[in-house]
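Input: a single structure, listed below in structure tokens.
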Amino acid sequence: MDSPSGLLTLPGRTFLHFLVYLGQLTALMRELMIAVRSGVWRLKLVAQQIVAIGYGSQAVVIVTGAFTGAVFTFQSYAKFKDFGFETTVGAVVSVALCRELGPVLAGLMVAGRVGAAMAADIGTMKVTEQVDALRVMGVHPVDYLVLPRFLAMMVSMPFLVAESISFGLFASYLVTSFGYDMPSAWYMTHMLDHTNMEDLSIGMIKGFVFGMLITLISCHQGLAAENGAVGVGLGTTRAVVISSLVLLIVNFFLSILLNYVFPIGTV
């Protein structure tokens with residue numbers, strides 16, 4: 001029979017690893033804030049990252065948002081019709097996409113695509129000693145590698161969330177209007193009456209926060225990579241997994257917090 005101390009070993013070790021990891025992220029965030037305040041932003045690199053992150057992620061975000069809106073509308077309409085509430089589908093889908101589905105699914109897709117690329121790029125530079133070469137030349141790796149990606153993600157992520165919401169609503173409109181023959185005026189009226197700027201603001205805020213988390217976690221995994229190609233692969237996997245889990249966990253607490261600022265159901 002295991003002793004009480006033995007039973008506490010694994011949870012205790014896990015908690016200590018979590019504290020160490022949280023400390024490393026905090027240290028990276030501190031260096032990043034110092035780099036932001038320095039004013040040396042390397043706008044050419046930022047523009048290149050905006051193209052890679054924002055423009056390059058449009059396809060996956062649009063497809064994800066569109067089909068999420070379509071299938072959510074299909075399922076909602078089928079059930080709401082049993083209660084005679086099918087005209088409210090537009091309002092329900094719109095609020096759900098703005099507050100939850102749009103930012104969360106866009107964040108997960110960006111974490112899978114961009115987060116993995118960030119960790120792989122920086123990890124490859126780390127194991128091939130290019131990061132050490134930057135230090136020898138007097139260039140701080142956080143300033144050169146992390147800051148441009150961070151700024152680019154801050155610019156790109158809200159637009160990607162907006163695209164996810166927009167195409168989700170458009171697909172929802174097509175399903176109701178052409179799939180169920182609902183008058184478009186009903187859909188548009190309920191959607192506009194029950195969706196306001198507060199709902200959209202929540203989606204944009206979540207997208208901004210998710211972008212920060214994805215960049216921070218992915219770049220940290222890249223800078224921590226070691227042991228050659230195996231370490232790069234492991235860091236890339238960890239970046240995607242940790243980013244995705246953190247997004248889902250943070251989304252829960254962020255939803256509670258933002259609901260106090262922008263209460264749902266108010267006009």
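The values are calculated or read from the model by the stated rules, or taken from the named source; none is laboratory data. Since the structure is predicted, the reported quantities are computational estimates derived from the model, not experimental observations. Cβ placement follows ideal geometry from the backbone for every residue including glycine, while neighbour counts extend to all protein chains displayed. Side chains are part of the model used for accessible areas, which takes the heavy atoms of the whole protein and leaves out ligands, DNA and RNA. Shrake-Rupley method; radii C 1.70, N 1.55, O 1.52, S 1.80 Å.
Scanning region 61-82 for residues that are open to solvent by less than 50 Å² (accessible area, probe 1.4 Å) and of a type in the set (Val, Ile, Thr) returns Val61, Ile62, Thr64, Thr68, Thr73. Do you know which residues across region 92-151 are free of Cβ contacts under 8 Å to residues at least 12 places away in the same chain and small (Gly, Ala, Ser)? Residues satisfying the conditions are Ala133, Gly138.
With a requirement of 3 or more residues that are within 21 Å of the chain's Cα centre (by Cα) and either of a type in the set (A, V, I, L, M, F, W, C) or surrounded by 19 or more Cβ atoms within 10 Å (Cβ to Cβ) (or both), the helices (runs of 4 or more DSSP H) lying completely within region 122-238 that satisfy it span 147-174, 197-223. Checked against the criterion of being among the aliphatic types (A, V, I, L, M) and open to solvent by 20 Å² or more (accessible area, probe 1.4 Å), the candidates Val110, Val92 yield just one match: Val92.
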